[in-house]
1. Within the group 317, 325, which residue is closer than 27 Å to residue 216 by Cα and either without any contact (Cβ under 8 Å) to a residue 12 or more places away in the chain or within 22 Å of the chain's Cα centre (by Cα) (or both)?
2. Please verify whether the stretch 201-224 includes one or more residues that are among the acidic types (Asp, Glu), within 18 Å of residue 285 (Cα to Cα) and touching a helix residue (DSSP H, G or I) at 6+ places or on another chain (Cβ under 9 Å).
3. Of these, 171, 157, which one is touching a residue at least 60 places away in the same chain (Cβ under 8 Å), farther than 25 Å from residue 225 by Cβ and either buried (at least 24 other Cβ atoms within 10 Å of the Cβ) or among the basic types (Lys, Arg) (or both)?
4. Out of 346, 299, report the one residue that is free of Cβ contacts under 8 Å to residues at least 24 places away in the same chain, assigned to a helix (DSSP H, G or I), more than 21 Å from residue 114 (Cα to Cα) and open to solvent by 20 Å² or more (accessible area, probe 1.4 Å).
5. For the stretch 141-176, what are the residues that are in a loop (DSSP other than H, G, I, E, B) and closer than 22 Å to residue 292 by Cβ?
6. Return the total of residues in the stretch 216-243 being open to solvent by 50 Å² or more (accessible area, probe 1.4 Å) and basic (Lys, Arg).
7. Can you pull out every residue in the stretch 49-96 that is among the small types (Gly, Ala, Ser), in contact with a Phe, Trp or Tyr (Cβ under 7 Å, 6 or more places away or on another chain) and in a helix (DSSP H, G or I)?
8. Kindly indicate the residue of the stretch 148-162 that is over 18 Å from the mean Cα position of the chain (by Cα) and charged (D, E, K, R) and also modelled with the lowest pLDDT among those meeting that condition.
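The values are calculated or read from the model by the stated rules, or taken from the named source; none is laboratory data. Worth saying up front: this structure is predicted, and the values here are computed from it rather than measured. Here Cβ is always computed from backbone atoms with ideal geometry, including for glycine, and neighbour counts include all displayed protein chains. For accessibility, only protein heavy atoms count, side chains too; no ligands or nucleic acids. Shrake-Rupley method; radii C 1.70, N 1.55, O 1.52, S 1.80 Å.
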Amino acid sequence: MKKKLSLVAVLLLAMTLVACGGGNKKDAGKDANATNKKTTEEAKTTDVNVGFVTDEGGVNDQSFNQGVWEGLQKAQKELGVKAEYIESKDTKDYTPNLETFADQEKNLIVGAGFKMGDAIAEAAAMYPETNYAIVDVDVTAGKDGKKVEAPKNLLGIMFRAQEPSFLVGYIAGMTSETNKVGFVGGQEGNIIWGFEYGYRAGVDYAAKEKGTNIEILSQYVGNFTDAQKGKSITATMFQNGADVVFHAAGGAGEGVIEAAKEAGKWAIGVDRDQSDRAPENVLTSAMKNGDVAIYQVVKDMQEGKFEGGKTIELGLANDGAVGIAPTSDKNVKPEILKKVDEITKKIISGEIKVPYNKETYEQYK
């Protein structure tokens, strides 16, 4: 009864205000519009609440986990969204970490790394009201390589990592004085093969231009966390005559850069500009800008344009998605960078088809 009386009182008061304030309708409308606009803007800034689950490398891996988190930090600052992360210490942490964010009713949960693919697909199926995005996983690819139907609330984000790898391979080949370079991978698989074979093709391109053979040493750490093993592998490559080593090894790549510092040789970083790790020894970096991609995904979701059930693939043609580090001009010769610009245009046009695995590399050769 009290609620009904209150409602009647509110209506009577409203009628009285209209009767008494007829001359201020225009101003009242302005006030209402201003209030509605403010309410809409407030809703816009709080609608998206993101949870980010890292892989074992952690949020400060100086690689793609860190890049994704930097993109979310930018979204917090510029778009007003909320974001937080949980670090995974082991692959067994993926499922419980994803469930933690689902229980917290995040409306976008982001994962990073191909090893999280199965866990995030299961989570997306279990929580259909929550949107998910995963970096470095093609959510439409089955285990047999055939296309599968992905959950409508799951978006895959892939990078044509072979393309910036081709560019740094060319830089490595042109910079090398010993005509022997190295590659250190984290764990073998489709993602890291893209880096390796793109790099190999770029080195070959440089060798052809120089009119000489360039030997490529290659070894895998077996994981993305063992920096000491990454350092040991790289030190051996330097001892065997290599003077430039490119890594695609996540946290294990810290050891690659450390070995370059100690030997006075060149290392090439990955995923983000790693020149800050050793300004005098990081020649360049093959950048896979997870920050750019994730920021755009969050922005699209905020605008009601999240499209799951598919995988987007980003390459040199997508401005800012991949490329070489902006600090490359510090250590790379100007004439080499000029040629890199020309090669970039050829890759974008399709004149150069960059290989992404052993089979396509053999076809490229």
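1. Step by step, each of 317, 325 is checked, and only 325 is closer than 27 Å to residue 216 by Cα and either without any contact (Cβ under 8 Å) to a residue 12 or more places away in the chain or within 22 Å of the chain's Cα centre (by Cα) (or both).
2. There is no residue in the stretch 201-224 that is among the acidic types (Asp, Glu), within 18 Å of residue 285 (Cα to Cα) and touching a helix residue (DSSP H, G or I) at 6+ places or on another chain (Cβ under 9 Å).
3. Going through 171, 157 in turn, the sole match is 171.
4. That would be 346, the only listed residue that is free of Cβ contacts under 8 Å to residues at least 24 places away in the same chain, assigned to a helix (DSSP H, G or I), more than 21 Å from residue 114 (Cα to Cα) and open to solvent by 20 Å² or more (accessible area, probe 1.4 Å).
5. Passing the criteria: 160, 161.
6. Summing the residues that are open to solvent by 50 Å² or more (accessible area, probe 1.4 Å) and basic (Lys, Arg) in the stretch 216-243 gives 1.
7. Result: 71, 75.
8. 149
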